[in-house]
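Contents: one structure, followed by commentary.
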Amino acid sequence: VQLQASGGGWVQAGGSLTVSCAFSGRPFNAYAVGWFRQAPGRERAVVAAISRRGEYTYYADSVKGRFTISRNNAQNMVYLQMNSLKPEDTAVYYCAAVPGSSDYPLQADEYDYWGQGTEVTVSS
């Protein structure tokens, strides 16, 4: 299994950005996916997660109402649309996948596969 995250960049506060994650190697609809982020000096934490068929989603309180996670199983893609970005959203964003979950894990150590990360910088 391979995950390839992309779409990070620089954006002003209040702006929007969508990061993407391309999955390959196994049947994608067997995997739950999470987006995590890690800011300098901080632990990696879950931002959003989606079940393998997309029927269940989770959002951290800090992004609820601003971020939307979605997946396209036909194209083996997961997206994280980020609106109303704040400087505190600045971090490296990682996608991660785990097989066999009917919902979605929320802890980083529950995920088996990780992408390389894509950096998001929000300026004030």
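The values are calculated or read from the model by the stated rules, or taken from the named source; none is laboratory data. The model shown is predicted, which means the values in this text are computed figures rather than measured ones. Positions of Cβ are backbone-derived with ideal geometry, glycine not excepted, and every protein chain shown enters the neighbour counts. These area figures cover heavy atoms from the full protein model, side chains too; ligands, DNA and RNA do not enter into them. Shrake-Rupley method; radii C 1.70, N 1.55, O 1.52, S 1.80 Å.
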Q.
How much accessible area per residue does segment 43-82 have, counting only protein heavy atoms and a probe of 1.4 Å, in square angstrom?
A. 53
Q) How many nm separate the modelled label positions at D109 and Q75, each set 7 Å beyond the Cα in the direction of the Cβ? A) 3.6
Q.
Once R0 is set to 25 Å, what does the formula 1/(1 + (r/R0)^6) return for the Cβ-Cβ distance between V1 and A39, expressed as a FRET efficiency to the nearest 0.05?
A. 0.45
Q | Apportionment of accessible area to carbon and sulfur, the chain, percent (1.4 Å) | A | 43
